[in-house]
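What follows is a set of notes on a single structure, which appears directly below.
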Amino acid sequence: MAILELTEACKTYRIVQRQDGISGALKNLFVPRYRDIQAVKRISFAIEAGEMVGFIGPNGAGKSTTIKLLTGVLVPTSGRVQVLGLSPFKDRKRYVGRIGVVFGQRTQLWWDLPVSDTFDLLRKIYGVPPQTYRRNLELFDDILGLADFRHQLARQLSLGQRMRADIAAALLHDPELVFLDEPTIGLDIVAKDKIRGFMQHINAERGVTMLLTSHDMQDMERTCQRVIVIDKGALLYDGSVSGLASLSGSRRSLIVDFNVHTRCEPISGTELIQENALRARFSFDRGSMQVHELVSQVAKKYDIADMTIEEPSIESVVKTIFSAQQARL
Amino acid sequence: MKGAYIEIARKTLLEGLAFRVNTLIGILDTVILIAVNVAIWKAVYASTGTLQTVSLEDTITNTLFAIGISQAFWMDEYSIAHKIRTGAITNDILRPMHFGGMILAADIGRAGYRLLVEFLPAFAICALLFGLSAPASALALPLFVLSMAMSFLVLHSIGLIMSYISFWYFNIFSFVTIKNAAVLVLSGAYIPYWFMPDWMMAFVRASPFQAIYSAPMSIWLGHVNGSSVLYGLAKQALWIVALQLCAQALWVLGRRKLAVNGG
């Protein structure tokens, strides 16, 4: 049974089209010109209870708008949004008590209060029973390490601490469904890992359904079974993570940093796409070239300081899928 | 759930108490404002002799209460407007609470702290300096308090309507400024109704401004008696209902207009 259903959902913003200069500003004052921006164009998908779904796309693809349609913040211009058997916008008060939402770029903590005060207020807002509240706090202390900074003011927290506190705040009332919009944005590897582990734990142990957006392909590969890709407001892909990886092509880049100025010779099966005195970038096909072979070849030949394998970015994945679709049409 | 609204009111009240210098300045501000207005009325009475139908003492009492309390009943339209403009209102929408109810709780908390720590001391100082008429009867005191509470609700409802205008207009500064000026002039705080010309009174009687400071003050001063007290209270209640309905309609329409871009 799908607990979340989006059917042909559209969202159009109407914005005033500014005109340049004083004459333009005056013209605007009397006859404003409007422009419609289609942030979401006829998107349909469904999510089953207990799923963990990644939602990706480049900047401005309509991810946040879709999340806002699903959380009842915005009303769809057309189409249907049905979650937990309710209409998020119309049944807002009943609906939002059953979901949790994290916006990575906007904290929900009360800025001038200690984190613990925010939690206390949330406990009252959602009517969380005392045992549930205690049990959840213990879990958050364990996995997210909240105990270290629970009594600090929200505005004094580091970004990583703030994000952990925000995620905990969204889960205090045992929501059935959680939306996370960029929960790892701006975080370092350690903090990202902590948050990924926590999301997996909540999903696996409690069966909480999760939809998370991210810019980070690794977020998706580590945590989600299924991904949905959108760009320019339209759905591009809905399927497994491995399916996305194969669609995104098998080309990878090897970046080599040298200790001394080096001129590289070409290596068979690779393409030298960028070279300067201390760095070279080889592009290769993961299907035909074993990574460890390439690495050992390079390491034997040159004096190496560092090597990195570059995974394709979300932007390039989207570009590949998009052009593949165009070709099919 | 109910606890959450009370908690919001309590937190706002405590937040106000945290700033001591602000409190002192608030008291001083109110005392000066009342003293200046009392001086003006004294001068007016001195030059017009005994022509007035209402005594100087009653006029001073009106000034003490209405101007003093108007300092405490100051609504914060801009912070809601800011939330709507920046999209920070998302956080409030995601709480299973009534938005107007949350604002009411915060307004009560703020007014509560201003009444307690700013108005009461300022009022005590001014009462000692300028004197004060006693309430018209023993019953007038509780009715005055009830009526003043309804004045607060009228002001709160008007404030909500002003804030919700920002769903449509980027800048509500001019709307709020006009509203504040109208409240100052037409609510009976700065110009008691007994000094107002008839044509102006005809307008004021049909407006919600009459349901603000003049309603409780006329009870305290005994300008209304018996059934007309009840009539005045009923009129206040009616204005609250009408303004709240209007605010709720704007909220429902405004939420459809809301656009939250980015983040």
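Just a few scattered comments:
- Each label was represented as a point 7 Å from its Cα along the Cα-to-Cβ direction; for residue B:149 and residue A:35 these points are 5.4 nm apart.
- For chain A, relative contact order (Cα pairs under 8 Å, six or more residues apart, normalised by length) works out to 19 percent.
- Model label sites at residue A:300 and residue A:98, defined 7 Å from Cα along the beta-carbon direction, differ in position by 6.3 nm.
- The modelled label-to-label distance for the pair residue B:120/residue A:201, using points 7 Å beyond Cα in the direction of Cβ, is 4.8 nm.
- Inter-chain neighbour count for B:93-102: the average number of beta-carbon atoms from partner chains within 10 Å of each residue's beta-carbon is 6.
- Cα-derived Rg over Rh, computed across chain B with Rh taken as Kirkwood radius: 0.99
- Low-density loop positions, trypsin sites (Lys or Arg not before Pro), region A:227-272 - DSSP coil, at most 10 other Cβ in 10 Å: A:263
- Maximal additional length on extending the residue A:247-residue A:1 stretch stands at 85.7 nm, based on 0.36 nm per residue less the C-alpha distance.
- R0 of 22 Å, Cβ-Cβ distance residue A:268-residue A:308: FRET efficiency to nearest 0.05: 0.55
- Phi angles across region B:79-94 convert, under the Karplus curve 6.51 cos²θ - 1.76 cosθ + 1.60 with θ = phi - 60°, into 3J(HN,Hα) values of 6, 5, 4, 4, 4, 5, 5, 8, x, 5, 5, 3, 4, 6, 5, 7 Hz, Gly and Pro given as x.
- When both bridge partners sit in chain A, DSSP labels roughly 70% of those beta bridges antiparallel.
- Our estimate of slack between residue B:42 and residue B:177, defined as 0.36 nm per intervening residue step minus the Cα-Cα distance, is 45.7 nm.
- Taking the DSSP bridge list for the protein assembly as shown and keeping only pairs wholly inside it, about 70 percent are antiparallel.
- For the pair residue A:22 and residue A:80, the difference between a 0.36 nm per residue extended length and the Cα-Cα distance amounts to 16.6 nm.
- Among the trypsin sites (Lys or Arg not before Pro) in region A:61-156, none sits in a DSSP loop with a Cβ that has at most 10 other Cβ atoms within 10 Å.
No lab work stands behind these numbers, since they all come straight from the coordinates. Everything quoted here is computed from the prediction, not taken from an experiment. No Cβ is skipped: glycine too gets one built from the backbone with ideal geometry, and neighbour counts run over all protein chains shown.
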